[in-house]
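Here the structure comes first, spelled out in structure tokens, and everything after it is commentary.
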2 protein chains.
Amino acid sequence: MNDATGASGSDAVLDALVFAHEGLLPAIVQDDESGEVLMLAWMDREAVRRTLTTGRVTFWSRSRQEYWRKGDTSGHRQYVRGVAMDCDGDTLLVRVVQIGAACHTGTRTCFTGRELPAAVGDPEQDA
Amino acid sequence: MNDATGASGSDAVLDALVFAHEGLLPAIVQDDESGEVLMLAWMDREAVRRTLTTGRVTFWSRSRQEYWRKGDTSGHRQYVRGVAMDCDGDTLLVRVVQIGAACHTGTRTCFTGRELPAAVGDPEQDA
């Protein structure tokens, strides 16, 4: 694991991250109070730097090819409560205070009401 | 949004998904009881089908280029409790019962103890 100590948004912190997908990494956004997973979006190095230093979550929009500070259009801002990287440094978990709906469709999370039919596994029944 | 009704692992369900990253999509794994985000890994269409139909979470390992049924080596199995897609159909949220540590490093989640220094945002201080 890389050493990611340092000031927020410093080169030492950003250098610990791996942007393995065309210069981007996936950022999971979680409601810090409820624990709900709200959405997943993508960040490049500069979007991570802005997220770590400004208190507002910023993504890179792959479709629009521009920075996207969540809530600037919709009002549905995300305020940073904490950011962690994973063991490979190639994924971020961003805990936030979410104002309004996280999803552009108006649902609370991007996963709300989008369950897939799945067989449920049972540890008790598995050798 | 796509119609993803149908039997678990059916073509209708799988056709609703978008595998936008070299045939893969990111799957967020969340502890169904605690709400903890455990890890993120990648699935191709077949890994999703196996996850939806077998009750055990299966990924595609990009580094090893093979299917990876979580826990087969480590014993740290993930039993499916529910699977949802996001509004774009290009990300999955898989809720599980996690046996043991989710992370190969032995920590409970892949994000445990890997906090980055971040400025905290405050809705009250923001116009």
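Within segment A:33-68, take every residue that is open to solvent by less than 30 Å² (accessible area, probe 1.4 Å) and part of a loop (DSSP other than H, G, I, E, B) and give me the one that is farthest from B:S63 (Cα to Cα). Looking at residues that are open to solvent by less than 30 Å² (accessible area, probe 1.4 Å) and part of a loop (DSSP other than H, G, I, E, B), I get A:G55. Scanning segment B:4-16 for residues that are out of contact with any Ser or Thr (no Cβ under 9 Å at 6 or more places or on another chain) and surrounded by 19 or more Cβ atoms within 10 Å (Cβ to Cβ) yields a total of 1. Would you mind stating whether A:L25 is within 30 Å of B:D11 (Cβ to Cβ) and under 11 Å from the mean Cα position of the chain (by Cα)? Answer is no for this residue.
Here A:P26 clears all of (1) more than 10 Å from every other protein chain (Cβ to nearest Cβ); (2) open to solvent by less than 10 Å² (accessible area, probe 1.4 Å); (3) farther than 13 Å from A:Q78 by Cα except the condition numbered (1).
I'm trying to understand the selection: among the residues of segment A:104-127, which are in contact with a His (Cβ under 9 Å, 6 or more places away or on another chain) and within 17 Å of B:L93 (Cα to Cα)?
Just the residues of segment A:104-127 that are in contact with a His (Cβ under 9 Å, 6 or more places away or on another chain), to begin with: A:104, A:110.
Hit for segment A:104-127 is A:C110, nothing else.
Within segment B:79-102, the residues that satisfy the criterion of being outside any strand (DSSP E or B) and among the aliphatic types (A, V, I, L, M) are B:I99, B:A101, B:A102. Consider segment A:103-127. How many of its residues are outside any loop (DSSP other than H, G, I, E, B) and at the interface with chain B (Cβ under 7 Å from one of its Cβ atoms)? Residues in segment A:103-127 being outside any loop (DSSP other than H, G, I, E, B) and at the interface with chain B (Cβ under 7 Å from one of its Cβ atoms): 3 in total.
Filtering segment A:85-100 to residues that are free of Cβ contacts under 8 Å to residues at least 60 places away in the same chain, facing chain B (nearest Cβ under 8 Å) and either touching a Lys or Arg at 6+ places or on another chain (Cβ under 6 Å) or of a type in the set (G, A, S) (or both) leaves only A:I99. The single condition from (1) in a loop (DSSP other than H, G, I, E, B); (2) more than 10 Å from chain B (Cβ to nearest Cβ) that A:G71 fails is (2).
The residues in segment B:23-69 that are more than 23 Å from A:Q30 (Cα to Cα) and not β-branched (V, I, T) can be counted, and the count is 20. Among the residues of segment A:56-68, those that are within 12 Å of the chain's Cα centre (by Cα) and either of a type in the set (D, E, K, R) or within 10 Å of chain B (Cβ to nearest Cβ) (or both) comprise A:R56, A:V57.
The values are calculated or read from the model by the stated rules, or taken from the named source; none is laboratory data. The structure presented is a predicted model; accordingly, all values stated were derived computationally and were not measured. Neighbour counts run over all protein chains shown; Cβ positions are idealised from the backbone, glycine included. Ligands, DNA and RNA are excluded from the accessible area calculation, which covers all protein heavy atoms including side chains. Shrake-Rupley method; radii C 1.70, N 1.55, O 1.52, S 1.80 Å.
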